1. If you go through the stretch 330-360 one residue at a time, how many are exposed (fewer than 13 other Cβ atoms within 10 Å of the Cβ) and part of a helix (DSSP H, G or I)?
2. If we scan the stretch 363-375, do we find a residue that is under 16 Å from VAL324 (Cβ atoms) and surrounded by 16 or more Cβ atoms within 10 Å (Cβ to Cβ)?
3. Could you list, in sequence order, all residues of the stretch 5-17 that are within 20 Å of ALA210 (Cβ to Cβ) and either open to solvent by 70 Å² or more (accessible area, probe 1.4 Å) or touching an Asp or Glu at 6+ places or on another chain (Cβ under 7 Å) (or both)?
4. In the stretch 19-52, which residue that is hydroxyl-bearing (Ser, Thr, Tyr) and outside any loop (DSSP other than H, G, I, E, B) is farthest from the chain's Cα centre (by Cα)?
5. Considering the stretch 291-323 alone, what residues qualify as being closer than 11 Å to THR268 by Cβ, open to solvent by 20 Å² or more (accessible area, probe 1.4 Å) and of a type in the set (A, V, I, L, M)?
6. Which helices (runs of 4 or more DSSP H) does the stretch 152-227 wholly contain that include 3 or more residues that are within 23 Å of LEU128 (Cα to Cα), of a type outside the set (Asp, Glu) and open to solvent by less than 50 Å² (accessible area, probe 1.4 Å)?
Amino acid sequence: MGIIEDLKWRGSINQTTDEAGLTDLLKTKKISLYVGVDPTAKSIHIGNLIPLTILKRFQNAGHRPVIVIGGGTGMIGDPSGKAAERQLLPPDVFDENVKRITKQLTRLFGKDGFEIVNNYDWLSKLNLISFLRDFGKLFPINVMLKRDVVASRLEVGISFTEFTYQILQAIDFYTLYKEKDVQLQVGGSDQYGNISSGVELIHKMVGPEAKAFGLTVPLLLKSDGTKFGKSAGGAIWLDPDLLSPYEFYQFFYNQSDTDVIKLLKIFTFLNPDEIDQLAKQVAEAPEERAAQKRLAQEVTAFVHGPEAVQEAEKISQILFTGEVQNLTGKQVAAAFSSVPSITINSGEIPVLDLLTQDNLIEKSKRQAREDLKNGAISINGQKITDVDAVINPADKFEGHFVVIRRGKKKYFLAKVH
């Protein structure tokens, strides 16, 4: 199965500018291809991972991926998918974002047969006259207005700055084609117009015989019609400082039976036979969640490394048994980042005050006493029944946390400041 056929089987292709031409090209040579990432946040997210996974598939097949970090275009603002103008970030924020994103991308692709470039390096050298004479003349306004990304904004308004974004992205593709022999751009479905502009620019600057292609991935929806990649806490970030590997693992482990096989195809490098076998297990023994576990293992290993998988599964097992006393402070921070929490001082605190502070667990000390007498409260993995007990935050988790459990599954966290 060729790589294009494999991507089709995985449901990873939305549109191509010339599928037959691209397929023929891949039969004759190993190519360079790229994805652009704008450093408008500290981290890339799970939506970015879909086209990046396609680049990784090409890399595994011997092709050469290039990542373009949009140090230039990011300062302009991509109107794609936005109902209003983006807020422009200061240059120092961009510089920090570029450093963090570069680190994340290096983990995904390694250091060999892979390159990261910053389009600020060439876009910043353009002056207004050369921009208008060399490139602006090649972009008919009537065509630009018809691009979805622009047409959707005409009613509410779009600045000239964001209007020119598609020209800048086209210059990226042309520059990479000319200087690095990059022949394929991969992006999200909302990027098709921008990608097509790049292909057209190359044909105008080089000639219609130039072999340049675009490929977009589909918008990924869950079976309930909602957009994949969002959680109750917000975006699923790839930076472990913004979302712990444990939470990342749990996000994929908690996917539904109706979605898991589709996600295995898109996000993992398992072959069709392995995925078909997991589909059979979903049908015959869904309670075992074998497919979800494999999905979580594969994607977490790709993004964070195999050690992160081991750590996530260790935390999961400890939480399943309730033996939270065996966690480290760092593991507590990862495991309980989204549970209800309060902030307490480092000094000793009566258990009744702890349970009722800010109505964390109970609104009244009377009900808190009932919970304790009934054996419903465990603190740091130890059942507490003494209503006069005093809790010392320094006893566990390096003095940073107190973990409270009510019943079998409801956890709460006290953070020590």
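The values are calculated or read from the model by the stated rules, or taken from the named source; none is laboratory data. Here the structure is a predicted model, which is why all the values come from computation and not from measurement. Note that each Cβ is placed from the backbone with ideal geometry, even for glycine, and that neighbours are counted across all protein chains shown. The protein model used for the area step is the full one, side chains on, heavy atoms only, and it has no ligands, DNA or RNA in it. Shrake-Rupley method; radii C 1.70, N 1.55, O 1.52, S 1.80 Å.
1. Qualifying residue count, the stretch 330-360: 2.
2. No, that holds for no residue.
3. Correct list: GLN15 only.
4. Only one residue fits best here, namely THR28.
5. Result: ALA301, single match.
6. Hits in the stretch 152-227: 165-180, 192-205.
Okay, residues lined up against (1) of a type outside the set (Asp, Glu); (2) touching a His at 6+ places or on another chain (Cβ under 6 Å); (3) in a strand (DSSP E or B):
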site	(1), (2), (3)
GLU362	no, no, no
GLN367	yes, no, no
GLU370	no, no, no
SER378	yes, no, yes
ASP386	no, no, no
ALA394	yes, no, no
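For (1) among the charged types (D, E, K, R); (2) within 22 Å of the chain's Cα centre (by Cα); (3) closer than 18 Å to GLN297 by Cβ, each residue gets a yes or a no:
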{"position": "THR175", "(1), (2), (3)": "no, no, no"}
{"position": "GLN183", "(1), (2), (3)": "no, no, no"}
{"position": "GLY187", "(1), (2), (3)": "no, yes, no"}
{"position": "MET205", "(1), (2), (3)": "no, no, no"}
{"position": "GLU209", "(1), (2), (3)": "yes, no, no"}
{"position": "ASP224", "(1), (2), (3)": "yes, yes, no"}
{"position": "LYS280", "(1), (2), (3)": "yes, no, no"}
